[in-house]
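Below: the structure, in structure tokens.
Just so it is clear, none of the values below were taken in a lab; they were calculated from the coordinates. Bear in mind the structure is a predicted one, so any value in this text is a computation, not a measurement. Because the Cβ atoms are built from the backbone with ideal geometry, glycine has one as well, and the counts that use them run over all protein chains shown.
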Amino acid sequence: MITRAIKENEIKSLSEKLAKSKAAFIVDFKGLKVEQVTDLRKKLFPVNSEMKVVRNTLAKRALQGNQAMTDALSTSFKGTNAFVFAYGDVAATAKALTTYAKDFEVFQLKTGFMEGKKLDEKSINFISTLPSKDVIRAQFLALLNTPATQTVRILNEVPTAFARVLKAKSEQA
């Protein structure tokens, strides 16, 4: 039997995880076997995410401190639900969830919450197609490096062209 103190600790823990996470997703895992849920948790760990199965009433109480989150997520608490907290790269977490949803039809992405906005399944799928933060950083650095590379190439072209002209003249004579 779950005591009132245990419930209060669970609500406090959930509230802290929601505050700490960059995004939160609600998924329906009904029909998955224990091994499959364990496999999903293992796939979420490397992307700095966590899956937590929560009673719907406790989840609603944990959301009470944040009105925007309550409005976005409270309608999704029907059936067997779990929170997926994204502490790191949200796109990587969304990609792991959508990939898992494609592999197992019974696994369903219900909704999510990120930066004060509700995410539907379509939005979560879109976020999963975005490149990771490291890829975006690499692309940005390459973009910054492009003008310098082109300048060096142009400056190098002048002496190279002059050397080609001299070589052509020496071969004519």
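Between helix 4-20 and the chain there is an angle of about 20 degrees, using the helix long axis and the longest principal axis of the Cα atoms. The GluC sites (Glu not before Pro) of the range 39-127 that meet both conditions, a loop assignment by DSSP and at most 11 other Cβ atoms within 10 Å of the site Cβ, are GLU105, GLU115. The sum of -39500 (n - 2.57) across all DSSP H runs of n ≥ 4, divided by the residue count of the chain, sets its helix-only mean residue ellipticity at 222 nm to -20000 deg cm²/dmol. Enter the angle in degrees (range 0 to 90, nearest 10) between the Cα long axis of helix 34-44 and the first principal axis of the Cα atoms of the chain, meaning the one along which they spread out most. Taking the Cα atoms of the chain, the angle to 34-44 is about 40 degrees. Pairs with C-alpha atoms separated by more than 18 Å, drawn from the list LYS7/LYS30; LYS52/LYS78; LYS22/LYS118; LYS30/LYS95, are LYS7/LYS30; LYS30/LYS95. Quick one: if you stick a label point 7 Å off each Cα along the C-beta vector at LEU155 and LYS22, how many nm between them? Taking the simple label geometry, LEU155 and LYS22 are separated by 3.7 nm. Listed values for the range 75-83 are Karplus-derived 3J(HN,Hα) couplings in whole Hz (6.51 cos²θ - 1.76 cosθ + 1.60, θ = phi - 60°), namely 6, 8, 8, 9, x, 8, 10, 9, 8, and x replaces Gly and Pro. Shown here for the range 78-173: trypsin sites (Lys or Arg not before Pro) in loop regions (DSSP other than H, G, I, E, B) with at most 14 other Cβ atoms within 10 Å, namely LYS78. Based on every Cα atom in the range 1-119, Rg and the maximum pairwise Cα distance Dmax equal 13.6, 39 Å.
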